[in-house]
Structure formats: C-alpha cells, structure tokens
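Note sheet for the following structure.
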Amino acid sequence: MKKLNNPFAEEPSYYCFGCSPNNHHGLQMEFYEDGDDIVSIWDPENYYQGYVNTLHGGIQSTVMDEIASWVVFVKLKTGGVTSRLTSRFRKPVMVDKGPITLRAKLIEQNRNIAKIQVYLYNSEGVLCAEALAEYFVLSQEKAREMMKFPDPEAFYE
C-alpha cells in the first residue's frame, strides 16, 4: 500500500471538510493506493456521533463520498463532482472501537459518469456500510480551470 500525497493542501484557500489537513473542524482523511483500490484508515472522534457511541450516518456517507473523489483524482487523473451517492448502512459503527477502513474502486465508466463502489469496515474488519458513488467526471482541462487540479503525478510522494 502506497501513501498518497494531498497536493491540494498547498493551496492557501483549500479547506475541504473531508481531506484538508488545514481544516481543524474537518475529517483530515489520508489516502493510500492498493492496486486498483484507494484506501483510507480513519479514526472517528466522539463528536462525530449520531446516537450514543454510534458514528453518524451522515459522516459515514461523507467519508464514503470523499474516498470516491480520490478514486477520480488518482485513477482517472482528473476531478469531478458527485452526481449521486447511494449509501447502505448494514451495522452500526462504534466510535470508541478504533479506526475504520474504507476501500473504494472504479467499477464502471460511461463517457463522463464514473461509478465507484465504496466499502466501510469497522476496526474488526466487519463490513458496516457501503455506497455506490456516481461522479460527473471533468476533462483534465476543465478540472485544472475549475478546481486548480494539479499534475496527476503530484499525488505520489
């Protein structure tokens, strides 16, 4: 598994709730490449609870959406925006049980729509949630113009 660099972090106005290391109210997720998969290991804090000791479903959807965007960045070498996210919650995720693991993979691309499958596992490796993320994928030129998308090699340290 190879750790990915966050090249957006160098932008002074970059405060992505999901992955900016500069957003102290955000999730500050980090990402790895593992073959065809993008992986994130994230340790939820108590203030991300919905019900007592249970990771809020909106936060679960957020981390699944965020990792899907990194599939677009790294595997498709461009940017995009979420057009649909369908989440399925299978088991509760306890915030006091340690880090969760997310795995995401491109499963289909038709023209400018990419479908990405995401799995969320608890610290014991039990599948707790999954999502199908559909992203509207921008051309590299549009991504550079609209999102200040970096050279795709900038994701590798």
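The values are calculated or read from the model by the stated rules, or taken from the named source; none is laboratory data. Note that the coordinates shown come from a computational prediction; the quantities given were computed from them, not determined experimentally. As a convention, Cβ positions derive from the backbone with ideal geometry for all residues, glycine included, and neighbour counts pool all protein chains shown.
Residues that are over 16 Å from residue 70 (Cβ atoms) and either in a loop (DSSP other than H, G, I, E, B) or basic (Lys, Arg) (or both) within the range 117-147 comprise 122, 123, 124, 125, 126, 139, 142, 144, listed in sequence order.
The residues of the range 38-55 that are buried (at least 19 other Cβ atoms within 10 Å of the Cβ) and not hydroxyl-bearing (Ser, Thr, Tyr), listed by number, are 38, 39, 42, 44, 55. Considered as a group, the residues in the range 80-111 that are out of contact with any Ser or Thr (no Cβ under 8 Å at 6 or more places or on another chain) and in a loop (DSSP other than H, G, I, E, B) include one that is modelled with the lowest pLDDT, and that residue is 111. Residues in the range 108-122 that are in contact (Cβ under 8 Å) with a residue 12 or more places away in the chain and exposed (fewer than 15 other Cβ atoms within 10 Å of the Cβ): 2 in all.
Screening the candidates 143, 154, 104 for the property of being closer than 16 Å to residue 29 by Cβ and surrounded by 14 or more Cβ atoms within 10 Å (Cβ to Cβ) yields one hit, 104. Being under 14 Å from the mean Cα position of the chain (by Cα), farther than 11 Å from residue 102 by Cβ, of a type outside the set (Asp, Glu) and surrounded by fewer than 16 Cβ atoms within 10 Å (Cβ to Cβ) holds for only one residue in 35, 58, 26, and it is 58.
Can you confirm whether residue 124 is among the acidic types (Asp, Glu), touching a strand residue (DSSP E or B) at 6+ places or on another chain (Cβ under 6 Å), modelled with pLDDT of 95 or more and farther than 24 Å from residue 150 by Cα?
Working: among the acidic types (Asp, Glu): yes; touching a strand residue (DSSP E or B) at 6+ places or on another chain (Cβ under 6 Å): no; modelled with pLDDT of 95 or more: yes; farther than 24 Å from residue 150 by Cα: yes.
No; evaluated as a whole, the condition is false for this residue.
For residue 59, the requirement of being touching a helix residue (DSSP H, G or I) at 6+ places or on another chain (Cβ under 7 Å) and at pLDDT 95 or above is met.
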